[in-house]
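Report on the following structure.
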Amino acid sequence: MASKVLVIGLAVSLAGQIQAFGPPAEASGTGCALIVSGPPRSSSFDGAAQAFGAPGTPYNPATTCITYEAVNAAFESAKNAENYRQKPGKFSSADVGALGTVIHETSRYLAKQYGLSKDAVANGLPLIDTTKTNVENYCPPFLMTPKCKVERYRTIEGLCNNLNMPHWGASMHGHHRFLPPDYADGISAPRVSVTGYPLPSARLVSTNVHIGDEPHDHAVTLILVAWGQYIDHDITLSAEVKDPVTKKTPRCCDGSTHKNCLPIEIPDYDPFYRQYNQKCMNFVRSHPGLRFNCRLGPLESFNLITSYLDAGTTYSNSLEKLHELRSFEGGELKMLPLFEEKFRMKHLLPLKLEEPDEGCIRPSEEVYCFLSGDPRVNEQTVLAMLHTVFAREHNRIAKELSKVNPHWSDETLFQEVKLIIGAIQQHITFNEFLPMVLGREVMEKHNLMLLKDGYMDGYDANINPSVATGFTSAAFRFGHSLLPSEIERWSKTHRYVGSQHLSGMLLQPYDLYKEGWADAYLMGMTNQVAQALDDSITPEVQNHLFQEPGKKWGLDLAALNIQRGRDHGIPSYNKYREWCNLPVIKRFDDLLGYMSNKTVAAYARTYSSPDDIDLWSAGISEISLPGSMVGPTFACIIGKQFHNFKFGDRFWFENGGWPSSFTLEQLNEIRKVKLSRMLCDNGDDIDSVQVYAMVLPDHEINPRVPCKSGILRSIDFSKWKDASYHAQPGFFQG
């Protein structure tokens, strides 16, 4: 049961003034939904009610009382203005977006009627108990408090991970925030300059700051970049808006008047697009989301998937989609065995037969993309290859467990393999990926180091593991700086054999149908050096992202990142520096020492004030911390978020004492696993790979070793034999 949060006198400072917000005590009988400190400001509705002597709305010279009646009136007005009609049955993302719009428009009515500050809108209105208003009649059941039981396996939607706050981290819920949103009007309008004028075009920021040389990192391999994208797709998926008629993304530069259009202006003197006479880049805002109990407040984006590192990329966070992926035989996933005999290739992912053009550029109607747990599987070829590796690993483990426990049913086998795959993903992320990204000092600061033995005794039910917008829409997009212009293929003997332009591989993963190419990409990912994490972006994604056939230009990933941050109300770089206890930048020259002289000069000629600089742009431009790939601001945000993922997840693989917990023997087996072992086991014909696949091979500190040498240790699945002794009764009934 979710605990009620009654915050009386929540103090928040704004422009040197202190305001307090709080719902009234339940027994007070005041009729107030929210009390805001300061001189009373009544809405027209409350004023009329008081004039006729309505009970429950007393005058208080020190506070403003926002009544439940006023909330209902604002909600009805917003509903009518948006022409909203309640839909029966299951809520789609578009349905959530429609109601989410009504909710933040309700907040706009209240803000106007009561003269509320941005602070009161962001921190006060969400305290109103909407279950006591008409909003409750429209709020979908999945946003209301569920009944939770302690189970061995995660719920597919992520509900009830936290038994006190069962919606934390669940799919179809609003993103978390480390800082209140920064909207120009306090409700939904994108951020503006501190001068009051619009911020510079996101494309102008991209071309002024993020065009440059492409030095190599000389340490990490491309598979680190692919892994980062893979786990990013496990923790966040914002709901995309589709045109209700065409069912496609609205074309905001072709005359569309869709209310979610926020196109990016391309300056007349753009160094690339001017040669094609392009003045506008398509951009559509995310669907608005809903908070728990459909609480009020500013516009909030929402997450279609769970925030947990739960291998949703492989299994999805939708029960219907999961059923589509399962074979329901031997605990395995469906695969495509088409090339097994002819080319000696292991199984590929199944074909995406429904809506085959969604997320794909198909050369003909006979060619299909792949189906996996995440709809973005086909975004680029090496990402599709990682999905393939995990699906193969699932089926490989299912076969091993069925040998150890032949009495287990399909359901038991599937759920137990899913539990192991989730643990492997968490282990590799914290044992191989994060140490390279953050470095040991940052890892220790945020308590991200994994244990060598024993259980972790650190689960904290007060930590919200939900993914935060500042992380997902800015900080964790640092990998876009690491992308190379070309993706290399290497042989099993670790020799370069060829490469493809990155832009030509986006939404077109068809190389994996070719004999030997799957392994060639795996070998390429472990041998190709990534670009350095700096302010430069390859032209392949800065000018040619998702380029359509027959065109010579595409989109700009840097500009899209900046615009998405503004869409989601992400505060400025300076606000996050302050949150991270870093010195605030008062003059552009204060950036010297944190960024290169060239970058500082570029910001000075692009923005009106240091307070205007966008978080993603500045975050990738910071000079890296010693031993880390990222600078201090992104290290702070990423460290905090992964701390929450680890300590706010009741199903974290190191936790003991729960029905979901592994035995110590099983946990020690999982601790053996390295990504290199998975590549050996799930490539078609891989002979050797370096011990740590995300780091370039070095004959002394990271040597290539034969897959069959025993150095890359495998899980001993005998530790799972008759595992029912440590679980709740009934879980292992075959």
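Name the residue that is farthest from GLN229 (Cα to Cα), counting only residues in segment 312-333 that are among the hydrophobic types (A, V, I, L, M, F, W, C) and surrounded by fewer than 24 Cβ atoms within 10 Å (Cβ to Cβ). Restricting to residues being among the hydrophobic types (A, V, I, L, M, F, W, C) and surrounded by fewer than 24 Cβ atoms within 10 Å (Cβ to Cβ), the top hit is PHE328.
For TYR183, which of the numbered conditions (1) among the aromatic types (Phe, Trp, Tyr); (2) assigned by TED's automatic domain parsing to the domain that holds HIS544; (3) closer than 25 Å to ALA618 by Cβ fails to hold? Looking at each condition in turn, TYR183 falls short on (2). Among the residues making up segment 182-202, none is surrounded by fewer than 17 Cβ atoms within 10 Å (Cβ to Cβ), within 24 Å of GLU105 (Cβ to Cβ) and either aromatic (Phe, Trp, Tyr) or at pLDDT below 95 (or both).
Within segment 372-405, the set of residues being assigned to a loop (DSSP other than H, G, I, E, B), more than 20 Å from LEU502 (Cα to Cα) and not charged (D, E, K, R) comprises SER372, GLY373, ASN405. Close Cβ contacts (under 9 Å, 6 or more residues apart or on different chains) running from residues in segment 439-451 that are free of Cβ contacts under 8 Å to residues at least 40 places away in the same chain to residues that are of a type in the set (A, V, I, L, M) and assigned to a helix (DSSP H, G or I) comprise MET449/MET443. Taking LYS334, is it within 24 Å of ILE223 (Cα to Cα) and of a type outside the set (A, V, I, L, M)? The answer is no for LYS334. Scanning segment 493-516 for residues that are more than 25 Å from GLY554 (Cα to Cα) and at pLDDT below 95 gives TYR513, LYS514, GLU515, GLY516.
Residues checked against (1) touching a Phe, Trp or Tyr at 6+ places or on another chain (Cβ under 8 Å); (2) surrounded by fewer than 23 Cβ atoms within 10 Å (Cβ to Cβ); (3) basic (Lys, Arg):
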| site | (1), (2), (3) |
| --- | --- |
| SER608 | yes, yes, no |
| TRP616 | no, no, no |
| SER628 | no, yes, no |
| GLY631 | yes, yes, no |
| PHE634 | yes, no, no |
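Across segment 471-497, the qualifying residues are those that are part of a strand (DSSP E or B) and either outside the structural domain of ILE211 (by TED's automatic domain parsing) or of a type in the set (A, V, I, L, M) (or both), and the one among them that is surrounded by the fewest Cβ atoms within 10 Å (Cβ to Cβ) is VAL497. If you filter segment 360-384 down to residues that are β-branched (Val, Ile, Thr) and in contact with a helix residue (DSSP H, G or I) (Cβ under 8 Å, 6 or more places away or on another chain), you find that the one that is farthest from LEU237 (Cα to Cα) is VAL367. What about VAL102, is it at pLDDT 95 or above, assigned by TED's automatic domain parsing to the domain that holds GLY31 and of a type outside the set (S, T, N, Q)? Yes. Being buried (at least 19 other Cβ atoms within 10 Å of the Cβ), farther than 28 Å from ILE670 by Cα and among the polar types (S, T, N, Q) holds for only one residue in GLN500, GLN508, and it is GLN508. The single residue among GLY89, GLY124, GLY97, GLY158 that is surrounded by 20 or more Cβ atoms within 10 Å (Cβ to Cβ) and within 30 Å of GLU411 (Cβ to Cβ) turns out to be GLY158.
Of the residues making up segment 261-280, those that are part of a loop (DSSP other than H, G, I, E, B), surrounded by fewer than 21 Cβ atoms within 10 Å (Cβ to Cβ) and touching a Cys at 6+ places or on another chain (Cβ under 9 Å) are LEU262, PRO263, GLN278, LYS279.
Would you point out which residue out of ASP534, ASP519 is touching a Pro at 6+ places or on another chain (Cβ under 9 Å) and among the charged types (D, E, K, R)? Of the residues listed, the single one that is touching a Pro at 6+ places or on another chain (Cβ under 9 Å) and among the charged types (D, E, K, R) is ASP534. Which of (1) surrounded by fewer than 19 Cβ atoms within 10 Å (Cβ to Cβ); (2) in contact (Cβ under 8 Å) with a residue 40 or more places away in the chain; (3) part of a helix (DSSP H, G or I) is the odd one out, the single condition ALA219 does not satisfy? Only one criterion in (1) surrounded by fewer than 19 Cβ atoms within 10 Å (Cβ to Cβ); (2) in contact (Cβ under 8 Å) with a residue 40 or more places away in the chain; (3) part of a helix (DSSP H, G or I) is unmet by ALA219, namely (3). When the test is whether a residue is surrounded by fewer than 15 Cβ atoms within 10 Å (Cβ to Cβ), outside the structural domain of ARG291 (by TED's automatic domain parsing) and closer than 19 Å to CYS32 by Cβ, GLU151 does not pass it. For first residues located in segment 322-334 and in the same structural domain as VAL389 (by TED's automatic domain parsing) and free of Cβ contacts under 8 Å to residues at least 60 places away in the same chain, partners that are crowded, with 18+ Cβ neighbours inside 10 Å and part of a helix (DSSP H, G or I) and lie 6+ apart or on another chain with Cβ distances below 8 Å form the pairs LEU325/TYR315; LYS334/LEU325. Selection of segment 335-368 for residues being loosely packed, with under 15 Cβ neighbours inside 10 Å, touching a residue at least 60 places away in the same chain (Cβ under 8 Å) and among the aliphatic types (A, V, I, L, M) yields only VAL367.
Checked against the criterion of being under 30 Å from CYS261 (Cβ atoms) and touching a Ser or Thr at 6+ places or on another chain (Cβ under 7 Å), the candidates PRO509, PRO571 yield just one match: PRO509.
All conditions in (1) under 30 Å from GLY504 (Cβ atoms); (2) surrounded by fewer than 23 Cβ atoms within 10 Å (Cβ to Cβ); (3) basic (Lys, Arg); (4) under 27 Å from the mean Cα position of the chain (by Cα) hold for ARG564, with the sole exception of (2). Test ALA226 against the criterion of being among the aliphatic types (A, V, I, L, M), surrounded by fewer than 17 Cβ atoms within 10 Å (Cβ to Cβ) and over 29 Å from ASP612 (Cβ atoms), and give yes or no. Here the answer is no, as ALA226 does not meet what is asked. Filtering segment 111-129 to residues that are farther than 10 Å from LEU34 by Cβ, of a type outside the set (Lys, Arg) and within 28 Å of the chain's Cα centre (by Cα) leaves ASP119, VAL121, ALA122, ASN123. Might you check whether a residue that is aliphatic (A, V, I, L, M), at pLDDT 95 or above, touching a helix residue (DSSP H, G or I) at 6+ places or on another chain (Cβ under 9 Å) and not in a loop (DSSP other than H, G, I, E, B) occurs anywhere in segment 622-630? Scanning segment 622-630 turns up no residue that is aliphatic (A, V, I, L, M), at pLDDT 95 or above, touching a helix residue (DSSP H, G or I) at 6+ places or on another chain (Cβ under 9 Å) and not in a loop (DSSP other than H, G, I, E, B). As an exercise: evaluate GLY454 against (1) more than 24 Å from the chain's Cα centre (by Cα); (2) within 30 Å of GLY639 (Cβ to Cβ); (3) part of a helix (DSSP H, G or I) and give the number of the one condition it does not meet. With (1) more than 24 Å from the chain's Cα centre (by Cα); (2) within 30 Å of GLY639 (Cβ to Cβ); (3) part of a helix (DSSP H, G or I) applied to GLY454, the lone miss is (3).
In the set ILE428, ILE420, only one residue is surrounded by fewer than 23 Cβ atoms within 10 Å (Cβ to Cβ), β-branched (Val, Ile, Thr), touching a residue at least 12 places away in the same chain (Cβ under 8 Å) and under 27 Å from ILE305 (Cβ atoms); that residue is ILE428.
The values are calculated or read from the model by the stated rules, or taken from the named source; none is laboratory data. Keep in mind the model is a prediction, meaning the values are calculated, not measured. FYI the Cβ positions are ideal-geometry reconstructions off the backbone, even for glycines, and counts take in every protein chain you see.
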